[in-house]
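The values are calculated or read from the model by the stated rules, or taken from the named source; none is laboratory data. These figures come from a predicted structure and were not determined experimentally. Cβ: placed from backbone, ideal geometry, glycine included. Neighbour counts: every protein chain shown.
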Amino acid sequence: MSMTILDEMEIIFKRGQLYDTYINYSIPAYFSEMSQWRGLKAQNFDLIIFDSLDFALGRLMKEYLDRPAILWSNAGYEVHYDNWLMPFPVSYIPNLFMPYSDQMNFEERVINTFYYVLLQYHYIPYWRDMVDESLAKVADKLGLSRDINPVLNDADLIFIQSNSAYFYPRPIMPNVIPVLGLKDRDHNPIDQTYVNFIDGADDAGFILFTFGSMPKGMDEKRREIFATVFARRKQRVLWRYGGHRPKSLGNNTMLSPWLPQNDLLGHPKLKLFITHCGASGSAEAVFNGASVIVFPLFYDQRHHCAILTQRHKMGLTLSYADVTEETLSAALDEVLGNPQYKKNAAKAKKLARDQPINATYTIQYWCEYIMKHKGAHHLKSTATFELNFFQYFLLDILLLTFIIVVIFLAILYCTIKHVVMYLCKSKKLKTA
């Protein structure tokens, strides 16, 4: 059975607990050798760039080195919306964990709002407190205040792996810079072993199958399903896999613990990309115009799945938990046999690449901009972060408006009542 919303939320919380453990052990370890950090400071760097997953370390580096910082978000618009000083209208912007489009029905908007409230006002504050506790352990050693600014809103700039053609349209602030396609122009030469294998497919081409770097293996039932179905295909299959060799593996399938994914996606003989919809793989699929069959597993993958299959209509979605030989074979026949998926993928590729400045030069420009101006505080709307819940959603204004309307109606009611009573009284006096 496929995972429910609550099942996925439980996974998110468990992964959050693992991250807490990582923070508690890694932060003190990073600063165990202070001589290295003093040497780092002595080199007088001009700029710090760090990943959003390592924001705790980025916090310390920014404060300790006293330099402007840029945050990189590989997954896209993550759950820390408020900390990015960026508006997040839940009515039409799906959460990163949700497989929704910007055309949500009532039920989807309820779930989307529930996720937002739970993450923003329960999980993230809890997680932030855990991180603050870890940071406090090394703050004294670094000579820093224990009240370190949250780096997500203290970062001078944020690079997002996205552009206007990838994610659904949404409002962003000037300090949030979408960049998609860091590997957009040239593909590296492919190892001759893979080239020989691909060339052996002739016009049938090849299928690229990878679930990324996170899953290390696959249960016997599912690996045999994939191997059996692949063995029946005329295409050759490059399968990134490091587990037990499937018993039914065909001669047309090559297993490899690692594959040059982006380079293979750009190969002219590629016919299909089977993916779990990780952030990088999804972006590369769009930028290379690859039709897809997707098996989202957890976290942000369902959202990227919706981007590929609903927004761009580049392929089909299957459930990894429920996959069978029949469903997999039918999906392969549909995507490989229907040219519309390839046309849609080619259109998505064209839109994604049609940008005034490519990602490399965009990043170069903004890095130089931050160094030149010693930060970019002027690009951030601090008022967005300082407003409380009632102010942000204008609930105080709505309350004032409601009170004014009620008072006006009450006065109007009393006025009409007294006028009617006066007229009735005058009429009685005349008749008397």
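Results for (1) at positive phi; (2) in a helix (DSSP H, G or I), shown as yes or no for each residue.
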| residue | (1), (2) |
| --- | --- |
| PHE273 | no, no |
| CYS277 | yes, no |
| ALA285 | no, yes |
| ALA290 | no, no |
| PRO296 | no, no |
| TYR299 | yes, no |
| CYS305 | no, yes |
| LEU308 | no, yes |
| ALA321 | no, no |
Exactly one of these conditions fails for ARG222: (1) in contact (Cβ under 8 Å) with a residue 60 or more places away in the chain; (2) farther than 19 Å from SER291 by Cβ; (3) more than 32 Å from the chain's Cα centre (by Cα). Give me its number. (3)
Kindly establish whether ALA330 is at pLDDT 90 or above and small (Gly, Ala, Ser). yes
What's the number of the only condition in (1) surrounded by 21 or more Cβ atoms within 10 Å (Cβ to Cβ); (2) outside any helix (DSSP H, G or I) that VAL229 fails to meet? (2)
THR309 fails exactly one of (1) free of Cβ contacts under 8 Å to residues at least 24 places away in the same chain; (2) surrounded by fewer than 21 Cβ atoms within 10 Å (Cβ to Cβ), namely (2)
In region 275-305, the residues that are aromatic (Phe, Trp, Tyr) and surrounded by 24 or more Cβ atoms within 10 Å (Cβ to Cβ): PHE287
When restricted to GLN364, GLN391, GLN355, GLN340, the only residue assigned to a loop (DSSP other than H, G, I, E, B) and either loosely packed, with under 15 Cβ neighbours inside 10 Å or in contact (Cβ under 8 Å) with a residue 40 or more places away in the chain (or both) is GLN355
Evaluate the following for LEU400: is it under 26 Å from PRO87 (Cα atoms), surrounded by 10 or more Cβ atoms within 10 Å (Cβ to Cβ), modelled with pLDDT of 95 or more and hydrophobic (A, V, I, L, M, F, W, C)? yes
Please go through region 232-249 and pick out each residue that is in a loop (DSSP other than H, G, I, E, B), charged (D, E, K, R) and within 23 Å of VAL335 (Cα to Cα). ARG232, ARG233, LYS234
Filtering region 250-282 for residues that are closer than 19 Å to LEU332 by Cβ and either of a type in the set (Val, Ile, Thr) or in contact with a His (Cβ under 6 Å, 6 or more places away or on another chain) (or both) leaves a count of 4
Touching a helix residue (DSSP H, G or I) at 6+ places or on another chain (Cβ under 9 Å) and closer than 23 Å to THR324 by Cα: is that true of HIS267 in this structure? no
Out of LEU270, LEU208, LEU249, I need the residue that is assigned by TED's automatic domain parsing to the domain that holds ALA283 and without any contact (Cβ under 8 Å) to a residue 60 or more places away in the chain. Which one? LEU249
Residue hits (region 167-210; among the acidic types (Asp, Glu) and either more than 19 Å from ILE357 (Cα to Cα) or not in a loop (DSSP other than H, G, I, E, B) (or both)) are ASP191, ASP199, ASP202, ASP203
Condition broken by TYR320, with the remaining ones in (1) aromatic (Phe, Trp, Tyr); (2) surrounded by fewer than 21 Cβ atoms within 10 Å (Cβ to Cβ); (3) under 22 Å from TYR168 (Cβ atoms) satisfied: (3)
Do we have VAL138 as in a helix (DSSP H, G or I), closer than 26 Å to LEU65 by Cβ and either touching a helix residue (DSSP H, G or I) at 6+ places or on another chain (Cβ under 7 Å) or not polar (S, T, N, Q) (or both) here? yes
Considering region 54-75, residues that are free of Cβ contacts under 8 Å to residues at least 24 places away in the same chain and not basic (Lys, Arg), and then whichever is farthest from ILE27 (Cα to Cα), we arrive at ASP66
How many residues are among the acidic types (Asp, Glu) and surrounded by fewer than 21 Cβ atoms within 10 Å (Cβ to Cβ) if we restrict to region 152-183? 1
Do you know which residues across region 199-217 are at pLDDT 85 or above and either closer than 16 Å to ASN288 by Cβ or among the aliphatic types (A, V, I, L, M) (or both)? ALA201, ALA204, GLY205, PHE206, ILE207, LEU208, PHE209, THR210
Looking at this structure, is HIS244 buried (at least 23 other Cβ atoms within 10 Å of the Cβ), more than 21 Å from ARG353 (Cβ to Cβ) and not hydrophobic (A, V, I, L, M, F, W, C)? no
